[in-house]
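A short worksheet on the structure shown next.
The values are calculated or read from the model by the stated rules, or taken from the named source; none is laboratory data. It should be emphasised that the depicted structure is a prediction, and the values quoted were computed from it without experimental measurement. Neighbour counts are summed over all protein chains in view; Cβ atoms, including those assigned to glycine, are modelled from backbone coordinates with ideal geometry.
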Amino acid sequence: MPKFVYDFTEGNKDLKDLLGGKGANLSEMTNLGLPVPPGFTITTEACRHYLAEGKTPDGLTAEITAKLTALEDSMGKQLGQADDPLLVSVRSGAKFSMPGMMDTVLNIGLNDDSVLGLAKQAGGNDRFAWDSYRRLIQMFGKTVLGVDGELFEEALEEAKHAKDTTDDLDLDADDFRRLVETFKDIVREQAGREFPGDPREQMDLAIKAVFDSWNADRAVLYRRQERIPADLGTAVNVCSMVFGNLGMDSGTGVAFTRDPASGHQGVYGDYLQNAQGEDVVAGIRNTVPLADLERINADVYRQLLAIMEKLENHYLDLCDIEFTVERGKLWMLQTRVGKRTAAAAFRIACQLSDQGLIDLDEAVHRVNGDQLAQLMFPRFDAKAPKNQIAKGMNASPGAAVGKVVFSSEAAVEAAARGEKTILVRRETNPDDLTGMIAAQGILTSRGGKTSHAAVVARGMGKTCVCGAEELDVDVKNKVIRVGETVIREGDVLSIDGTSGAVYLGEVPVSDSPVVQYFEGALAPGDGDELVQSVHRIMTHADAARRLAVRANADTPEDAARARRFGAQGIGLCRTEHMFLGERRQLVEDLILATSDAERVTALDALAPLQRADFHGILKEMDGLPVTIRLIDPPLHEFLPDLTELSVKVALAGADASEKDRRLLEAVHRLHEQNPMLGLRGVRLGLVIPGLFAMQVRAIAEAAADRLAEGGSPRPEIMIPLVGSIQELEHAREEAEGVLAEVGGGVEALIGTMIELPRAALTAGQIAEGAEFFSFGTNDLTQTTWGFSRDDVEASFFSRYLDLGIFGVSPFETLDRDGVGRLVRIAVEEGRKTRPGIKLGVCGEHGGDPESVHFFHEVGLDYVSCSPFRVPVARLEAGRASV
Ligand code: ADP
Ligand code: MG
Ligand code: MG
């Protein structure tokens, strides 16, 4: 039988899978000799068993009893013992930190008897004991018994109101004693049962509630958003209580070992005297900056700083911590490698390497492509006029503009209508998660950088300004007042998560400094610390990576931008985009041609235009490979819509033009039930004489022109949607004929896309006719799964995500098991036939961080992605190599 319960002295930080992040780190701190209240952790394995079987595994209860007894022996008192109770907290803690999980239940072990014992042990501090007791009933009622937490809050507010105060410090022992009775009544009415007085029953129910919270709606939602697997389960930590609410010499706080926004070293955190647990992040009273702790208790302050330094040197990274001071003694209650902004991730990685704590390889690992993508978001235009109405904390960077909404629901509804919103709250709580996901940005009037809104927004990479205290946010009446200004739902605000500024109205946005650096408009030396950090990390990643990175670009402008962003060629130049706009007419003529002569005329009209397009692109990418895909989509895409045209012709009746009639006839003729699987790609080339030849000629002539101008064009001609070597051979023969005819010393590789399962499975044959393969993973995903990207995202994907059939859409991240297997087969067999064959990928996946790692693993030569994703792919290719 596996071991289900670990004492804090038995675990370590590498056991996160089993003990969860919180449990593993509590053990690690215990082993480091830091002051952690003793306790034990119930494994995620026990949770998984419970969730799967509906009951706890055999032996778990006995193991818990054994660990509890050991804890009781070491503390010299028993759980809930009437004259001197041991109290514990029951805390959830999954492998990944999840703000969507169950709240912690503190003070377990209190009941009508032990509350008196606790008071006595605390030197007759009745207020403390009854405050602790009412907290237990409140937390237990809400999180274990499912009672609406508002009811307790209201009763608490009433008690304060009766005393004409808003400060919980003004409540005394009698007030709390009465509240305990009220809270018990609430539990009885709402939960239909008595609040359980038996300490062990309290603990066991709380443990089960933590297990169950794994499947709570908001936890499920958070996991999906953060792409955390649904089957990990959570651990449960049982930790002996220490008390920050014993008086003004006690308190509780949170801190970072360095600034999570800038990465700079210093003293960052919040502290609250005479308080317990979540008080410090819940905005109940105003916290003081951590630096003030020096004044309150210099000894504790010094100890804390020493511990923070020890943690940084141990974890070699920024850590965040939760601590409590009980009558002048410091206790550590949590630590973990802290969440940080994207900018801070780059700065911290470089700072740590400068401090000699990590090397540059490790620094490259400490950042990722998603973070880099975030840094490329636009900013507010510095020169634009702005009407600043408030300033809060710069909690999570970015520039967000949107209409004000006051509730999660409103944000979700607006998002469904395609509207951008700013979610404005006094402070957020886990119930606001859906709204935070739906909104462009989050603005709160209370709370610091460690508040719920700030932590969650940073985790999601969402713009957030918090603690903008000038704003009087009235959620009930849906208005914000600031001085004379009144802002209502629907009014537009712009918030700057980098500076904390809040502007009325829409502020225009401009390029980020990181983009300016990639554009070459900002030299690394001229940039700030962030730009320099990005430069150092990118330089190291570029030197390390094996994969080349190309761009998908169809115009000279895109090609030029991609090249500035570091693209080493074009992996996909789509030619159909060149047939749009005014050229559509020429394509129509081609489709309507009824004789060879008409067809030739139409093609002759298109040829010089294509030639000019290719010339421009080859020029921008001079010296680098440019893969040009011959026309791929079904021709009807260039014709008017069937219904619209039918209506037009029908309405015109006898007056309908000859051209419209012919068009309608053509639309009917070309109509297909499954155009995606119809007359497209190489099939078009083989069916419509002269079409591919015209394109190849345009490529060859453009390349010849470039040669004549002294350039070095490197065109690669790509035949799409090939399923058999015979198709490729026909197309290839035609192309080679044209190349020979044009002459002029032009050399062009001829290759194909692998985007049909049959192509992947017969890649060994196809490689005989192909000098390169480019995996078209969009089509390969569609054809492997047999569903159409254009339709399924709206119809059944969300259900599939709910059911866990996908963790993430296979169009976003390559499906390794299925599509990836085909890629592997094609790579292996293609290389067997033609060892030097060039292999790349040009689907959307080429810019997706996880997929890039896969392409590195299977040994492709390059990935190709949209110009803006090129830096992301470069970084991820580097990370895959170091
Ligand atoms: P979360 O995952 O939401 O951070 P925690 O389990 O860390 O929840 O608990 C929240 C807070 O409750 C802690 O930061 C700490 O202040 C308080 N807390 C938890 N366990 C104890 C304990 N054994 N003694 C004192 N305070 C505790
Ligand atoms: Mg919490
Ligand atoms: Mg915590």
Task: Residue that is nearest to the chain's Cα centre (by Cα) [pool: residues in region 215-266 that are within 16 Å of ligand 3 (Cβ to nearest atom) and closer than 28 Å to Glu409 by Cβ] - done: Tyr222
Task: All positions within region 430-448 that are without any contact (Cβ under 8 Å) to a residue 60 or more places away in the chain and either in contact with a Ser or Thr (Cβ under 8 Å, 6 or more places away or on another chain) or closer than 24 Å to Ala216 by Cα (or both) - done: Asp432, Gly435, Met436, Ala438, Ala439, Gln440, Gly441, Ile442, Thr444
TODO: Output yes when any residue across region 91-111 is within 12 Å of ligand 3 (Cβ to nearest atom), buried (at least 23 other Cβ atoms within 10 Å of the Cβ) and hydroxyl-bearing (Ser, Thr, Tyr), and no when none is.
DONE: yes
TODO: Return the residue satisfying two criteria in turn: it lies in region 421-448 and is surrounded by fewer than 22 Cβ atoms within 10 Å (Cβ to Cβ) and of a type in the set (Asp, Glu), and of such residues it is modelled with the highest pLDDT.
DONE: Glu427
Open item on the list: Given the condition among the hydrophobic types (A, V, I, L, M, F, W, C) and part of a helix (DSSP H, G or I), answer yes or no: does some residue in region 828-846 qualify?
Closed with: no
TODO: Give the number of residues within region 579-604 that are in contact with a Lys or Arg (Cβ under 9 Å, 6 or more places away or on another chain) and of a type in the set (Gly, Ala, Ser).
DONE: 1
TODO: Return the residue satisfying two criteria in turn: it lies in region 274-288 and is within 12 Å of ligand 3 (Cβ to nearest atom) and outside any loop (DSSP other than H, G, I, E, B), and of such residues it is surrounded by the most Cβ atoms within 10 Å (Cβ to Cβ).
DONE: Val280
Task: Residue satisfying condition, being more than 26 Å from Tyr271 (Cα to Cα), among the basic types (Lys, Arg), in contact with a helix residue (DSSP H, G or I) (Cβ under 9 Å, 6 or more places away or on another chain) and without any contact (Cβ under 8 Å) to a residue 40 or more places away in the chain, within set Lys420, Lys383 - done: Lys420
Open item on the list: List the helices (runs of 4 or more DSSP H) inside region 97-177, counting only whole elements, that have at least 3 residues being of a type in the set (Phe, Trp, Tyr).
Closed with: 126-139
- [ ] Please identify the pairs in which a residue from region 642-668 that is under 18 Å from Ala593 (Cβ atoms) has its Cβ atom under 9 Å from the Cβ atom of a residue that is of a type in the set (A, V, I, L, M) and part of a loop (DSSP other than H, G, I, E, B), counting only partners at least 6 apart or on another chain.
- [x] Leu663/Leu639; Leu664/Ala656; Ala666/Leu639; Val667/Leu639
Open item on the list: Would you confirm whether or not region 713-729 contains a residue that is under 19 Å from Met753 (Cβ atoms) and without any contact (Cβ under 8 Å) to a residue 12 or more places away in the chain?
Closed with: yes
Task: Total residues in region 698-749, condition under 17 Å from Ala612 (Cβ atoms), acidic (Asp, Glu) and in a strand (DSSP E or B) - done: 0
Task: Test result for Gly192, of a type outside the set (D, E, K, R) and within 27 Å of Asn313 (Cα to Cα) - done: no
TODO: Scan region 525-557 residue by residue and report those that are outside any strand (DSSP E or B) and touching a strand residue (DSSP E or B) at 6+ places or on another chain (Cβ under 7 Å).
DONE: Leu547, Ala553, Asp554
Task: Index of the failed condition, Asp58 passing every other in (1) among the acidic types (Asp, Glu); (2) free of Cβ contacts under 8 Å to residues at least 60 places away in the same chain; (3) in contact with a Phe, Trp or Tyr (Cβ under 6 Å, 6 or more places away or on another chain) - done: (3)
Task: Ala291 vs. criteria over 30 Å from Val872 (Cβ atoms), among the small types (Gly, Ala, Ser) and in contact with a helix residue (DSSP H, G or I) (Cβ under 9 Å, 6 or more places away or on another chain) - done: yes
- [ ] Taking only region 756-799 into account, find how many residues are assigned to a loop (DSSP other than H, G, I, E, B) and either of a type outside the set (A, V, I, L, M) or touching a residue at least 40 places away in the same chain (Cβ under 8 Å) (or both).
- [x] 11
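Yes or no, residue by residue, for (1) within 16 Å of ligand 1 (Cβ to nearest atom); (2) closer than 20 Å to Phe211 by Cβ; (3) among the basic types (Lys, Arg):
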residue: Glu53; (1), (2), (3): no, yes, no
residue: Leu60; (1), (2), (3): no, yes, no
residue: Ser74; (1), (2), (3): yes, no, no
residue: Val88; (1), (2), (3): yes, yes, no
- [ ] Just give me the residues in region 353-366 being in contact with a Gly (Cβ under 9 Å, 6 or more places away or on another chain) and free of Cβ contacts under 8 Å to residues at least 60 places away in the same chain, in sequence order.
- [x] none
- [ ] Filter region 727-743 down to residues that are small (Gly, Ala, Ser) and surrounded by fewer than 14 Cβ atoms within 10 Å (Cβ to Cβ) and give me whichever is modelled with the lowest pLDDT.
- [x] Gly743
Open item on the list: For the condition more than 16 Å from ligand 2 (Cβ to nearest atom) and surrounded by fewer than 21 Cβ atoms within 10 Å (Cβ to Cβ), what is the one hit in Ala52, Ala46, Ala24?
Closed with: Ala52
Task: Asp84 vs. criteria more than 16 Å from ligand 3 (Cβ to nearest atom) and either buried (at least 17 other Cβ atoms within 10 Å of the Cβ) or under 28 Å from Gln303 (Cβ atoms) (or both) - done: yes
TODO: Please find, among Leu151, Leu106, Leu145, Leu86, the residue that is more than 16 Å from ligand 2 (Cβ to nearest atom), outside the structural domain of Arg458 (by TED's automatic domain parsing) and under 30 Å from Ile228 (Cα atoms).
DONE: Leu145
Open item on the list: When you scan region 205-227, do you find a residue that is in a loop (DSSP other than H, G, I, E, B), out of contact with any helix residue (DSSP H, G or I) (no Cβ under 6 Å at 6 or more places or on another chain) and within 16 Å of ligand 1 (Cβ to nearest atom), even just one?
Closed with: yes
